[in-house]
1. Find how much the distance from Leu382 to Asn243 grows on full extension, using 0.36 nm per residue of separation minus their present alpha carbon separation; answer in nm with one decimal.
2. Starting from the exponent 0.38 and prefactor 2.2 Å, build the expected Rg for the chain from its residue count and divide its actual Cα Rg by it.
3. If eta is 0.890 mPa s and T is 25 °C, what Stokes-Einstein diffusion coefficient results for segment 311-350, Kirkwood Rh from Cα pairs, in µm²/s?
4. Under a crude label model (7 Å from the Cα following the beta-carbon direction), how far is Leu189 from Leu27 in nanometres?
5. If the label point is 7 Å along Cα→Cβ of Leu178, which residues in segment 103-131 have backbone nitrogen under 15 Å from it?
6. I'd like the distance between the alpha-carbon centres of segment 313-390 and segment 15-62, rounded to an integer number of Å.
7. Any chance you could list P(r) for segment 10-109, counting all Cα-Cα pairs in 5 angstrom bins from zero, rounded to whole %?
8. What longest range of the chain stays clear of loop-exposed trypsin sites (Lys or Arg not before Pro) (DSSP non-H/G/I/E/B, at most 16 other C-beta within 10 angstrom)?
Amino acid sequence: MAKGADDFKNISLTLPLWTRDFILLSLANLFVFTGFQMLMPTLPKYVAALGGNSLVVGFTIGIFTISAVLVRPWLGREMDRRGRRGIYLFGLLIFVLAVLAYSMATSILFLLLLRLIHGVGWGGSTTAGGTMVTDVLPPQRRAEGMGYYGLFSNLAMAIAPALGLALLEQTSFQILFLTSAALALAAALVVSRVKVPPVAGQGGPPPALFEPRAWRPSLIAFFMTISYGGVVTFLTLYAAERNIANIGLFFTFYAAALMLIRPFAGMVADRHGPAPVLIPGLLATALATLLLSLAGSLQVFLMAGVLYGLGFGSVQPTLQAMAVAGVSPNRRGAANGTFFSAFDLGIGLGSTLLGAVAQFTGFAGMYALASLFSLVGLIVFLLGQRGITT
């Protein structure tokens, strides 16, 4: 049996990852995430310019996820019925229109409405993209492939926040929003060239919105991303409060750590199961968030960024691979919709809830509290470990 297992591993290693369609989808992922991540450190400044405080900033970031959470399950089901690419292109169109309209926002209320619309586009494009990738990857190397796919979004995280801040400093919010929209259009052009595999049962009656097999990894992702919502939403404001310059380097170090760990973590998860990846990964995100609460210098911020990147980069692709493990191809859209809904809900709840906490405890106390949520996710995994397979 040991020989058979070794033979299976050797065969799985010969299955190709870097096909034409996988490369195109990964490139589109880079464009979409670059356009999105440019807005993460700059949009709070836009809200502040419109007169919003930290609570309003958190709500503005968080409300984006409401529409994404609401549409993801429905769009995931529609992908299983009608195909993937149309949903992807529809999402990118909404993305472009919403971002272009940001420059016309003259009030917080108008901006909140645009954030809701933007969330629909984000939900459609990212759910479809993640599902199309699981369609083209060999199942025996899915966690590894998702790790590589995520490298392109990590590369965006490395360059986009600093690019967005530099672009805003040198030009204006209008140019920033135009650049973000142009990147989404580039992604649409790339995706139009992808050959999408047919989905069995396409065009049948509407199936269930949620995929039960995806619930547990989705719940773990939910708790982990509550802390993530606080990290990305309030970091620039927290750094300014601590008189820390060049905080854009945090995102660079964070993304570099993500890029280093993802392929290795995916290979470990494919060969040895999720435990060797998820347990240290969730502990790392908890420790990194706690370290942020104590940070008083750029060096400590960067240490926290590396640690958080190592943890998040290990956990996220492993959980997504778990969400679609054992799911039939005509239910992968629903599984990804379930997973990404929980993912977005955690970010939205985290930015909103932790923004309210910051009003009473300050940012340091907020980050200390945020560290607990990754530990809750770890407890969820440990309690159900025997029932989870990849």
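1. Working: separation 139, 0.36 × 139 = 50.04 nm, distance 3.98 nm.
The span from Leu382 to Asn243 would gain 46.1 nm if fully extended.
2. Expressed relative to 2.2 N^0.38 Å, the Cα Rg reads 0.93.
3. Details: Rh = 10.8 Å.
For the chosen part, D equals 228 µm²/s.
4. Calculated label separation equals 1.0 nm.
5. Inside the label zone: 103-104.
6. The distance from the Cα centre of segment 313-390 to that of segment 15-62 comes to 18 Å.
7. 2, 9, 14, 19, 17, 13, 10, 7, 4, 2, 1, 1
8. On the way: sites that count: Arg193, Lys195, Arg242.
Of all site-free stretches, the longest is 1-192.
The values are calculated or read from the model by the stated rules, or taken from the named source; none is laboratory data. Predicted model only: the values in this text are computed from it and were never measured. Cβ: placed from backbone, ideal geometry, glycine included. Neighbour counts: every protein chain shown. For the accessible areas, the whole protein counts, side chains as well, though only heavy atoms, and no ligand, DNA or RNA atoms are used. Shrake-Rupley method; radii C 1.70, N 1.55, O 1.52, S 1.80 Å.
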